[in-house]
Amino acid sequence: MSQFAFINSLNSAVKMDEPITRGPIPRYEKRKILESSNLNSSAALNSSKNKSFNSSISSKTPKKPLEHSTVRKTPSKTPKKSPGPTANATTPGKAKTPTGGDRFISNRSTIGFELAQYKMAQENVNANGPENLDADQKERHQIITENLTGRDLSGTRILEYQKKAPIPPEGYQNHLKVVYSQSKTPMSSKSANRYIPHAPERILDAPDIIDDYYLNLVDWSITNILAVALGNSVYLWNAETGSIDHLLELEGADYVCSVNWIQEGNYIAVGTSLGSVQLWDVPQTKRLRIMDGHSVRVSSLSWNSYILSSGSRSGQIIHHDVRQRDHLVATLLSHSHEVCGLKWSTDGRYLASGGNDNLLNIWSGIPGQATFQTTPIYALSSHQAAVKALAWCPWQPSLLASGGGTADRKIRFWNCNTGVCMSDIDTQSQVCSLVWVPAFKEIVSGHGFANNQLVIWKYPALTKVAELTGHTARVLHLALSPDGTTVLSAGADETLRMWRCFVSDRKKETQCKTIETSILRPHIR
């Protein structure tokens with residue numbers, strides 16, 4: 001009979017169609033009981049009714065302790081340990097993970113609050129905003145800003161860190177790298193509207209071009225005529241018509257060392273190996289005058305209105321006033337070796353000269369006047385090789401880019417208001433020439449050993465945009481077309497290559513208009 005009793009008890013335990021008589025009270029019944037108790041207490045019934053009601057409740061369900069009560073139901077089985085010297089010690093399994101690598105705590109002293117306050121104050125100078133100022137006020141405002149801060153603030157944010165975040169320790173792995181390394185969606189990415197070809201649009205032969213790092217044998221005029229010195233001759237190539245004209249040919253052992261167009265584009269200066277400077281009227285194909293003063297070859301030339309500056313192998317720089325019979329205005333003696341780089345700034349305030357003595361000198365000039373200082377305002381010796389590549393920024397006249405030779409290989413950017421080197425690029429190759437591209441705010445550099453390439457850099461980010469290869473020898477000279485769309489490179493491989501890399505689809509190309517007359521025509525003698 002025992003087996004039947006066990007079966008009967010098992011059936012009664014698993015039977016689900018009868019009400020449960022034992023076990024805890026359901027939650028909904030507890031809620032009703034508590035609500036009714038609160039109602040009765042708030043109504044302030046008599047104590048007899050409250051007692052009877054409470055007793056009825058206590059008879060049905062035992063009273064449970066509150067959840068926040070600290071009274072234990074049963075005493076602790078193990079006694080508490082007395083605090084010892086290792087009471088606060090953490091267990092080995094719960095050791096703190098080392099922090100760092102994914103968090104950067106900035107230093108408030110490097111944020112530049114003074115600069116931010118200055119920029120915010122400048123925005124309130126004009127009630128209508130600084131963009132409504134005229135050209136003179138904008139230029140004056142920019143000069144004052146550069147003198148006070150020592151740099152151009154056009155692309156500077158109001159609050160930015162001057163120091164980057166520290167590099168995480170070796171072996172650290174950021175588990176959130178997957179989150180931050182996801183690529184942007186196609187809708188958020190900007191559409192590319194510029195195509196940079198990696199092949200030249202046109203290649204011209206340049207036989208007998210002299211393979212000499214210190215000479216300046218190519219220049220492109222505002223009238224869209226390219227002048228190239230080949231041996232003892234100068235040839236002119238019209239970019240609009242494609243015609244080639246022979247301008248001059250020197251006699252004997254004399255050869256052309258430098259060419260440079262005047263700003264108006266009708267006259268060209270030619271420096272020779274015998275130390276003379278010739279001035280030619282290109283539309284008339286006529287030599288106007290020969291200016292002496294140097295005893296050795298003239299390797300660099302630069303125009304500043306009617307003042308022509310020439311640098312020679314002896315380190316001497318001469319200013320010529322082409323309007324006067326006595327053309328020699330000033331002689332500058334600061335370089336001990338050949339002056340291979342010579343450039344006037346676009347506003348005529350500064351003259352930069354680079355020499356084979358690794359020096360870069362900045363000279364002060366007064367625009368429109370033939371008065372010059374005979375000592376440089378800055379003598380910069382940061383380059384470790386000859387400084388031939390010089391280029392002034394078109395949209396910021398006080399910004400100068402300079403490139404060093406094989407032992408230096410750097411491009412440096414100078415603020416000539418303060419003489420401070422703002423930034424530099426290590427190009428890993430000889431810097432032979434530089435040219436700015438104002439349409440895209442970029443700079444192009446021509447290089448020698450070892451890749452003989454052209455590199456397009458974005459300014460002021462100094463990131464490499466593109467690298468153009470094709471020359472089999474070093475790129476000695478660069479020139480920018482008047483419309484700013486094409487860069488010409490002249491290499492020691494006796495080729496001229498035209499790279500059409502600066503055409504924007506959003507703007508229409510405009511052809512350069514030929515200037516038929518010049519304001520200096522009746523004054524040059």
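Are any residues in region 434-452 polar (S, T, N, Q) and open to solvent by 10 Å² or more (accessible area, probe 1.4 Å), and if so, which ones?
Correct list: N451, N452.
Being surrounded by fewer than 18 Cβ atoms within 10 Å (Cβ to Cβ) and either hydrophobic (A, V, I, L, M, F, W, C) or at pLDDT below 95 (or both) is the filter; apply it to region 337-347 and report the residue that is nearest to A391 (Cα to Cα). Before you say what the answer is, go through the steps one by one.
In the first step, residues of region 337-347 are kept if they are surrounded by fewer than 18 Cβ atoms within 10 Å (Cβ to Cβ); the result is 337, 346-347.
From what is left, the residues that are either hydrophobic (A, V, I, L, M, F, W, C) or at pLDDT below 95 (or both) are 346-347.
Working: T346: 10, D347: 13 Å.
The qualifying residue nearest to A391 (Cα to Cα) is T346.
In region 255-268, which residue that is more than 18 Å from A490 (Cβ to Cβ) and touching a Phe, Trp or Tyr at 6+ places or on another chain (Cβ under 9 Å) is surrounded by the fewest Cβ atoms within 10 Å (Cβ to Cβ)?
Among those that are more than 18 Å from A490 (Cβ to Cβ) and touching a Phe, Trp or Tyr at 6+ places or on another chain (Cβ under 9 Å), it is Q263.
Can you name the condition, by its number, that P394 falls short on among (1) open to solvent by less than 10 Å² (accessible area, probe 1.4 Å); (2) in contact with a Phe, Trp or Tyr (Cβ under 7 Å, 6 or more places away or on another chain)?
(1)
Of all residues in region 269-317, which are of a type in the set (D, E) and open to solvent by less than 40 Å² (accessible area, probe 1.4 Å)?
Once the filter is applied, which keeps residues that are of a type in the set (D, E) and open to solvent by less than 40 Å² (accessible area, probe 1.4 Å), region 269-317 yields only D281.
Can you work out which of the residues in region 468-489 that are in contact with a Lys or Arg (Cβ under 9 Å, 6 or more places away or on another chain), surrounded by fewer than 22 Cβ atoms within 10 Å (Cβ to Cβ) and not small (G, A, S) is farthest from G341 (Cα to Cα)?
T485
Name the one entry in D208, D219, D212 that is assigned to a loop (DSSP other than H, G, I, E, B), modelled with pLDDT of 95 or more and surrounded by 10 or more Cβ atoms within 10 Å (Cβ to Cβ).
On inspection, the qualifying residue turns out to be D212.
Hey, does region 429-441 have a residue that's in contact with a Pro (Cβ under 6 Å, 6 or more places away or on another chain) and not basic (K, R)?
yes
What residue, among those in region 318-329 that are free of Cβ contacts under 8 Å to residues at least 40 places away in the same chain and in a strand (DSSP E or B), is surrounded by the fewest Cβ atoms within 10 Å (Cβ to Cβ)?
L328
Under 7 Å between Cβ atoms, which residue pairs at least 6 apart in sequence (or on different chains) link something in region 262-274 that is in contact (Cβ under 8 Å) with a residue 60 or more places away in the chain with a partner that is in a loop (DSSP other than H, G, I, E, B) and crowded, with 22+ Cβ neighbours inside 10 Å?
Hits for this filter: G265/S221.
Of the numbered conditions (1) modelled with pLDDT under 95; (2) within 40 Å of the chain's Cα centre (by Cα), G293 satisfies every one except a single condition; which is it?
Only one criterion is unmet by G293, namely (2).
Report yes if some residue within region 352-368 is touching a strand residue (DSSP E or B) at 6+ places or on another chain (Cβ under 9 Å), outside any loop (DSSP other than H, G, I, E, B) and open to solvent by 20 Å² or more (accessible area, probe 1.4 Å); otherwise report no.
yes
The values are calculated or read from the model by the stated rules, or taken from the named source; none is laboratory data. None of the values given here were measured: they were computed from a predicted structure. Virtual Cβ from ideal backbone geometry, glycine too; neighbours counted across all protein chains shown. Areas reflect the complete protein model, heavy atoms only, side chains present, ligands, DNA and RNA absent. Shrake-Rupley method; radii C 1.70, N 1.55, O 1.52, S 1.80 Å.
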